[in-house]
Amino acid sequence: MTEHDAAPLLQVTDLRIAYRSGRAETEVVHGVGFDLARGETLALVGQSGSGKTTIARAVSGLLPDAGRVTAGRVVLDGTDVTAFRPKDWRPLRGTTIGYVPQDPLSSLDPLQRIGGQLAEAIRVGRHGIARAEVRTRAVDLLDRVGIPNPEERLSSYPHELSGGQLQRVLIAIAIAADPAFLIADEPTSALDVTVQKRILDLIDELRAERGLGVLFITHDLALASERSDHVAVLNGGDLLEHRRVEHLLTGAQHEYTQRLFSDVPAATPGKYTHLRLVGRDEQPPVVSLRELGKVFPSRSAKGDGVTALDGVTLDVAAGAVHAIVGESGSGKTTLARIVAGITPYTSGTVTVHGHERPREASAFNERPEDLLLVYQNALAAVDPRFTVEQIIAEPLRIGGKGNGGSSRARRSRVIDALDSVALPQTVLGRRASELSGGQRQRVALARSLVVAPRILVLDEPTSALDVTVQSQIIDLLFDLRTAHDLTYLFISHDLGLVEQIADHVSVLSRGVLVESGPAGDLLANPQHPYTQELLAAVPGRELFERSTVAYR
């Protein structure tokens with residue numbers, strides 16, 4: 001091994017970064033330092049706003065115009081890049097640095113075919129390469145990252161691929177010019193656990209094969225512990241701990257790190273066991289599905305349509321947390337929207353509190369006091385022009401019990417709903433875009449609670465949140481259940497979270513109910529191979545089971 005090979009691939013020393021707003025400048029990263037060796041993975045972990053992505057952008061020359069490195073050094077592959085200008089970074093893009101961003105839909109050109117975008121990345125590292133060779137290389141890359149029918153997929157547009165496939169395309173683009181350094185910025189945060197596992201397995205394989213140094217940005221400490229050699233824990237722009245994974249697992253030193261561990265569902269599977277509603281299944285159900293079927297019409301006149309749900313039968317007990325789990329495309333959200341009366345269904349029956357849902361959907365919920373749906377993306381589900389007060393009051397204006405009465409009565413109910421989700425009245429005049437992810441999710445809950453429903457259908461309510469904020473939302477949901485005698489139909493792909501909170505679990509695979517039963521029994525002894533696969537993909541599960549440290 002030469003001296004150059006032995007040197008760290010990335011060296012960050014006393015890095016300080018500030019953002020400018022008008023004449024004021026605010027430091028957001030405070031003297032952070034770490035090294036990354038070739039062939040190893042370093043995870044930067046912390047909540048939103050901790051500085052993870054800012055550091056990743058600084059070491060790859062992607063800081064926005066308002067951001068700048070005010071002190072410290074960044075040395076990449078032996079070259080000091082601290083003071084590099086945009087033109088200095090261009091030769092490194094793709095060839096030295098590969099970047100896998102978080103959101104594939106916003107990172108890929110929706111008007112350009114996959115093959116064209118991949119070809120552009122290939123040409124970065126191979127000037128003058130023949131067109132036929134570019135195509136061959138593109139097919140090989142798509143095949144390498146596990147895209148089925150890679151030659152056909154070259155002509156596909158981004159919207160024609162699934163989320164997992166799009167993430168694989170981004171990885172193919174990132175490695176197209178054989179970089180030495182790969183930044184993976186929350187590459188799997190919106191993916192199912194099984195797809196997430198495949199993507200991270202792929203990155204691990206590429207790291208081992210090519211000697212890549214990987215900087216892995218994540219808010220999930222379980223994922224970081226499972227997939228990294230070293231973990232750097234950040235909070236508010238400060239580096240709190242930087243240790244090898246095995247040392248962090250056996251003795252996190254900082255209180256913040258310990259709290260991050262305690263908020264990971266896989267580390268504390270029994271956190272809510274005392275709140276389990278034993279025996280509720282014997283009560284009359286408040287939601288009942290019998291042989292529920294849903295077929296979406298085919299785009300082609302000759303097609304038979306797409307079966308989203310096939311003969312699903314299940315009951316939801318009063319006061320229970322009934323989880324519906326499965327991968328993307330399993331039918332979870334379709335089932336949720338049918339139960340909420342938003343999507344029509346093809347066959348079977350849906351009964352909510354003794355009232356059978358008509359097969360045709362309605363734009364107007366005539367019985368919001370029975371059941372309401374809380375959407376996955378709280379920001380996309382509301383009018384961006386509305387203030388928080390208008391968002392929460394909207395169900396009262398368009399339906400609700402007696403339309404909420406006078407404007408004074410409506411405001412009183414809005415404030416009560418806001419209080420119930422532990423938000424201050426100071427947020428009433430803000431818009432959703434001005435709130436954090438956790439605050440937006442609380443507003444979405446308040447918006448539902450304002451009409452006093454008895455059942456909430458929660459569609460992936462925490463999938464995009466940090467584990468700490470997720471833990472706060474789950475605590476809130478249990479408090480609300482007690483205060484308002486609520487029943488939850490909880491839609492999720494996260495078996496770690498479901499194992500922690502659910503009373504009953506129903507598992508969907510391609511529209512078919514493959515397994516259903518009390519959570520403790522089903523998850524301790526899953527009978528169906530699909531459920532077993534889902535459980536095996538829960539990040540950190542085996543790691544924490546082997547650990548002798550109890551995070552509570």
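The values are calculated or read from the model by the stated rules, or taken from the named source; none is laboratory data. These numbers were taken from a predicted model, which means no experiment stands behind them. No Cβ is skipped: glycine too gets one built from the backbone with ideal geometry, and neighbour counts run over all protein chains shown. To get the accessible areas, we keep the full protein, side chains included, count just its heavy atoms, and leave off ligands, DNA and RNA. Shrake-Rupley method; radii C 1.70, N 1.55, O 1.52, S 1.80 Å.
Odds and ends about this structure:
- Residue match in segment 179-188 (condition: within 15 Å of I122 (Cβ to Cβ) and either at pLDDT 90 or above or not aromatic (F, W, Y) (or both)): yes
- Residue, least open to solvent (accessible area, probe 1.4 Å), within segment 68-81, restricted to residues that are in a strand (DSSP E or B) and among the charged types (D, E, K, R): D80
- In the set L36, L9, L42, only one residue is surrounded by 15 or more Cβ atoms within 10 Å (Cβ to Cβ) and touching a His at 6+ places or on another chain (Cβ under 6 Å); that residue is L42.
- Within the set Q472, Q532, the sole residue that is surrounded by 16 or more Cβ atoms within 10 Å (Cβ to Cβ) and modelled with pLDDT under 95 turns out to be Q472.
- Screening A232 with (1) aliphatic (A, V, I, L, M); (2) at pLDDT 90 or above; (3) out of contact with any Asp or Glu (no Cβ under 8 Å at 6 or more places or on another chain) gives one miss only, at (3).
- For segment 238-266, taking the residues that are at pLDDT 85 or above and touching an Asp or Glu at 6+ places or on another chain (Cβ under 7 Å), the one that is farthest from Q470 (Cα to Cα) is identified as R244.
- Among the criteria (1) in a loop (DSSP other than H, G, I, E, B); (2) among the β-branched types (V, I, T); (3) open to solvent by less than 30 Å² (accessible area, probe 1.4 Å), the one I122 does not fulfil is (1).
- Filtered residue count, segment 456-467, keeping only those that are open to solvent by 10 Å² or more (accessible area, probe 1.4 Å) and farther than 18 Å from Q196 by Cα: 1
- For segment 186-202, a residue qualifies if it is open to solvent by 10 Å² or more (accessible area, probe 1.4 Å) and in contact with a strand residue (DSSP E or B) (Cβ under 7 Å, 6 or more places away or on another chain), and exactly one does: E186.
- Among residues of segment 83-109 being part of a loop (DSSP other than H, G, I, E, B) and hydrophobic (A, V, I, L, M, F, W, C), the one that is nearest to the chain's Cα centre (by Cα) is L108.
- Test: S48 is of a type outside the set (D, E), touching a residue at least 24 places away in the same chain (Cβ under 8 Å) and open to solvent by 40 Å² or more (accessible area, probe 1.4 Å): yes
- Looking at segment 494-537, the helices (runs of 4 or more DSSP H) lying wholly inside it that each contain 3 or more residues that are within 22 Å of the chain's Cα centre (by Cα) and within 19 Å of A336 (Cα to Cα) sit at 495-501.
- Residue count for segment 478-487 under the criterion of being open to solvent by 10 Å² or more (accessible area, probe 1.4 Å) and either β-branched (V, I, T) or within 20 Å of A340 (Cα to Cα) (or both): the result is 4.
- Any pair with Cβ under 6 angstrom, 6 or more apart, that starts in segment 412-437 at a residue that is open to solvent by less than 90 Å² (accessible area, probe 1.4 Å) and ends at one that is part of a loop (DSSP other than H, G, I, E, B): R413/V450; A417/V450; A432/L379; A432/V382; G437/L465
- Any hit, segment 350-364, residues being modelled with pLDDT of 90 or more, of a type in the set (S, T, N, Q) and over 28 Å from the mean Cα position of the chain (by Cα): yes
- The helices (runs of 4 or more DSSP H) found wholly in segment 403-488 and carrying at least 2 residues that are out of contact with any Leu (no Cβ under 8 Å at 6 or more places or on another chain), of a type in the set (D, E) and at negative phi occupy 407-420, 467-484.
- The residue that is surrounded by the fewest Cβ atoms within 10 Å (Cβ to Cβ), counting only those in segment 224-256 that are without any contact (Cβ under 8 Å) to a residue 24 or more places away in the chain and in a strand (DSSP E or B), is R244.
- Flag if V287 is under 20 Å from V12 (Cβ atoms), at pLDDT 85 or above and touching a strand residue (DSSP E or B) at 6+ places or on another chain (Cβ under 7 Å): no
- Flag if G213 is in contact (Cβ under 8 Å) with a residue 12 or more places away in the chain and touching a Phe, Trp or Tyr at 6+ places or on another chain (Cβ under 9 Å): yes
- Selection count, segment 150-185, where residues are in contact with a Lys or Arg (Cβ under 8 Å, 6 or more places away or on another chain), small (G, A, S) and open to solvent by 20 Å² or more (accessible area, probe 1.4 Å): 2
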